[in-house]
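The values are calculated or read from the model by the stated rules, or taken from the named source; none is laboratory data. Note that the structure is predicted; figures quoted are calculated from it, not measured. Cβ coordinates were reconstructed from backbone atoms using ideal geometry, including for glycine residues, and neighbour counts include every protein chain displayed. Ligands, DNA and RNA are excluded from the accessible area calculation, which covers all protein heavy atoms including side chains. Shrake-Rupley method; radii C 1.70, N 1.55, O 1.52, S 1.80 Å.
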Amino acid sequence: MFYSISCEEEIDVYNLRSRVIDISTEKRTSLLNLKDAEAFGIRMHDRVRVKAGERSVTTIVQTTRTIVHPGELGVFEDVARQLEIESGAMVAVELQPAPTSLRLIQKKLKGERLTGEEILNIISDVVDRNLSDVEIAAFLLAQQFHGMAIEETVSLTKAMVETGASIDFEKPVYDKHSIGGIPGNKVSLLIVPIIAAAGLLIPKTSSKAITSASGTADTMGVLAPVEFSAEELKKIVLKTHGAIVWGGSLNFAPADDILINVEYPLQIDPESQMLASILAKKLAVGTDYLVIDLPVGKESKVESFEEARGLSNRFIELGERLGIAVKCGLTYGGQPVGYAVGPALEAREALQALEGKGPSSLVEKSTALAGLLFEIAGKVVRGKGQDFAKEILNSGRALQKMREIIEAQGGNPMIKPEDIPIGQHVAEIYAPADGYVTRVSNRAITEIARAAGAPMEKGAGLIFYGKEGHKVAKGEKVLEIYAERESKLDEARALALKINPITVEGMLLREIPEF
């Protein structure tokens, strides 16, 4: 049955019957039948104010020929909740003008500078879902092509903080962040308990994987819950001095997740946006001292030391303007950290390292970065930080502190590496000849682990044996792939054989002439 439409022409208000669509998009979208859209002069991506009683929400219109009928307005679950309506409720729909922020985005597209107030206007509309993905993409592309002056980046960072929640611990706060790109980089699971064991506050908010095989929050999520409110995080940290939680549940710099979701399909990451995203989340927890891990090497986000120095200087300058003391550690990024990749396998390896049995690359990187934090904290003199970090790790104090953190976050504090379940389907890859490992591909390792099901399937991932320079014999195992489903294991094995993640070569590389 179709419903009639009444139109109060003076103010262009259209009365429609709602149809709630059982999908939560978090994008404040509404669906209008194409016939109604043409009759009302409303186009796709226009904004309409939807009112039910005293409640109203501004939504961005999408059009359809079939999902809703003429006389109906389709609203998704999140909009229906805000309006407190069910299917069949009458709603008033009014066309709205484009927001001021759209004109400001157009200004940036021309390469012009934006003021702090203008940037706050844009970010507020991003958080309030007043901008479509297309309009947000335009803002990101404007940054990609024209960049931002340092003053703009400062304003962008502050705007991202102001439009979200924040915490004041009323004590000095320390933190560490990695720009990512290196598989197996579970160093935060060592750094946080090392720093906390020394009595310093380190509320580590981390991301879940987008393109990697496991984010820090994915790995910690194997050991304990990682989703908390800001008040719960504060309580945990004041009790244990440390935490490792998912930032997405805290409402810190909420614009960041929205912007990242638009960046991902475009495969862009504007530097100004990256800088602001990182420091906004640190500013939201009151960070005073920050160490940033910049992996450098082939197939990492930063491939040269020259590029890394430039990026370090911009992090440091932005930190100074925001009141955060920043120190950057340029680390080796030419191959994975440790030997395990995937949430459960990485959690197991991190616990082994805390027990004193972990791989040297994981221990060395973790203690080096923790050492930098101790040095800027004034705990030790320059050059002695890593020794102090190793002392805490080797004494067992970091392991004990990690157990306290796991318990405070609702996990089992006595969990052992062997208690962690991993994928029951396993495939092995062997060396094709006698020789040496000459290359371990970061990109290939990540692709194989994801093909196996990581990070969504916690037990999926891989373990590789031997890094560059390691001597192997023909038929020796160089890679194990773990999956929770046999179909995913077959997919990952086939990919591993195709893209060759570990290159083994003998001393004789080529014969000329070839026959």
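Among the residues of the range 445-467, is there at least one that is modelled with pLDDT under 95, assigned to a loop (DSSP other than H, G, I, E, B), buried (at least 18 other Cβ atoms within 10 Å of the Cβ) and on the phi > 0 side of the Ramachandran plot?
Scanning the range 445-467, I find at least one residue that is modelled with pLDDT under 95, assigned to a loop (DSSP other than H, G, I, E, B), buried (at least 18 other Cβ atoms within 10 Å of the Cβ) and on the phi > 0 side of the Ramachandran plot, so the answer is yes.
Being without any contact (Cβ under 8 Å) to a residue 60 or more places away in the chain and either within 24 Å of ILE182 (Cβ to Cβ) or in contact with a strand residue (DSSP E or B) (Cβ under 8 Å, 6 or more places away or on another chain) (or both): is that true of GLY475 here?
Judged against the criteria, GLY475 is a match.
Right, LEU73: over 32 Å from the mean Cα position of the chain (by Cα), outside any helix (DSSP H, G or I) and at pLDDT below 95 or not?
Judged against the criteria, LEU73 is not a match.
Here is a check on your reading of the model: is SER87 assigned to a loop (DSSP other than H, G, I, E, B) and either farther than 22 Å from ILE23 by Cα or open to solvent by 60 Å² or more (accessible area, probe 1.4 Å) (or both)?
So SER87 passes the test.
Yes or no: SER212 in contact with a helix residue (DSSP H, G or I) (Cβ under 7 Å, 6 or more places away or on another chain), within 21 Å of LEU369 (Cα to Cα) and open to solvent by 40 Å² or more (accessible area, probe 1.4 Å)?
Criteria not met by SER212.
Looking at (1) among the hydrophobic types (A, V, I, L, M, F, W, C); (2) touching a helix residue (DSSP H, G or I) at 6+ places or on another chain (Cβ under 8 Å); (3) modelled with pLDDT of 90 or more, which is the one condition that is false for ILE67?
Tallying (1) among the hydrophobic types (A, V, I, L, M, F, W, C); (2) touching a helix residue (DSSP H, G or I) at 6+ places or on another chain (Cβ under 8 Å); (3) modelled with pLDDT of 90 or more, ILE67 fails exactly one: (2).
Can you pull out every residue in the range 25-43 that is under 25 Å from ASP125 (Cα atoms) and outside any helix (DSSP H, G or I)?
Within the range 25-43, THR25, GLU26, LYS27, ARG28, THR29, SER30, LEU31, LEU32, GLY41, ILE42, ARG43 qualify.
Just name the residue that is least open to solvent (accessible area, probe 1.4 Å) out of those in the range 256-311 that are touching a strand residue (DSSP E or B) at 6+ places or on another chain (Cβ under 8 Å) and among the aromatic types (Phe, Trp, Tyr).
TYR289
Only one residue in LYS365, LYS357 is under 30 Å from ALA483 (Cα atoms), basic (Lys, Arg) and in contact (Cβ under 8 Å) with a residue 40 or more places away in the chain, so which one is that?
Exactly one residue qualifies, and that residue is LYS365.
With the requirement that a residue be over 19 Å from GLY242 (Cβ atoms) and among the aliphatic types (A, V, I, L, M), what does the range 284-317 give you?
LEU294, VAL296, VAL302, ALA308, LEU311, ILE316
Against the condition open to solvent by 20 Å² or more (accessible area, probe 1.4 Å) and either in a loop (DSSP other than H, G, I, E, B) or touching a strand residue (DSSP E or B) at 6+ places or on another chain (Cβ under 8 Å) (or both), how does ASN121 come out, does it pass?
So ASN121 does not fit the description; no.
Considering LYS186, LYS158, which residue is open to solvent by 20 Å² or more (accessible area, probe 1.4 Å), among the basic types (Lys, Arg) and touching a Leu at 6+ places or on another chain (Cβ under 8 Å)?
That would be LYS158, the only listed residue that is open to solvent by 20 Å² or more (accessible area, probe 1.4 Å), among the basic types (Lys, Arg) and touching a Leu at 6+ places or on another chain (Cβ under 8 Å).
Go through the range 478-488 and give me each residue that's open to solvent by 10 Å² or more (accessible area, probe 1.4 Å) and either in contact (Cβ under 8 Å) with a residue 60 or more places away in the chain or within 24 Å of the chain's Cα centre (by Cα) (or both).
Within the range 478-488, TYR482, GLU484, ARG485, GLU486, LYS488 meet the criteria.
When TYR436 is evaluated against the numbered criteria (1) under 22 Å from ALA344 (Cβ atoms); (2) of a type outside the set (A, V, I, L, M, F, W, C); (3) touching a residue at least 12 places away in the same chain (Cβ under 8 Å); (4) not in a loop (DSSP other than H, G, I, E, B), which criterion, by number, is the only one it fails?
(1)
Please state which one of ILE406, ILE429 is in contact with a Leu (Cβ under 9 Å, 6 or more places away or on another chain), of a type outside the set (S, T, N, Q), over 26 Å from LEU233 (Cβ atoms) and surrounded by fewer than 23 Cβ atoms within 10 Å (Cβ to Cβ).
Only one candidate passes the filter, namely ILE429.
If a residue must be open to solvent by less than 60 Å² (accessible area, probe 1.4 Å) and touching a residue at least 60 places away in the same chain (Cβ under 8 Å), how many such residues does the range 312-325 contain?
2
Among the numbered conditions (1) touching a Gly at 6+ places or on another chain (Cβ under 9 Å); (2) hydroxyl-bearing (Ser, Thr, Tyr); (3) free of Cβ contacts under 8 Å to residues at least 24 places away in the same chain, tell me where SER229 comes up short.
Result: SER229 passes all but (1).
Just to verify a result, which residue in the range 364-396, among those that are in a helix (DSSP H, G or I) and more than 22 Å from LEU290 (Cβ to Cβ), is least open to solvent (accessible area, probe 1.4 Å)?
Among them, the one singled out is SER395.
If you go through the range 490-502 one residue at a time, do you hit one that is more than 22 Å from LYS186 (Cβ to Cβ), of a type in the set (Lys, Arg), part of a loop (DSSP other than H, G, I, E, B) and out of contact with any Leu (no Cβ under 9 Å at 6 or more places or on another chain)?
No, the conditions are met nowhere in the range 490-502.
For the range 174-186, indicate whether the set of residues that are more than 15 Å from the chain's Cα centre (by Cα), over 22 Å from THR331 (Cβ atoms) and at pLDDT 95 or above is non-empty.
Scanning the range 174-186 turns up no residue that is more than 15 Å from the chain's Cα centre (by Cα), over 22 Å from THR331 (Cβ atoms) and at pLDDT 95 or above.
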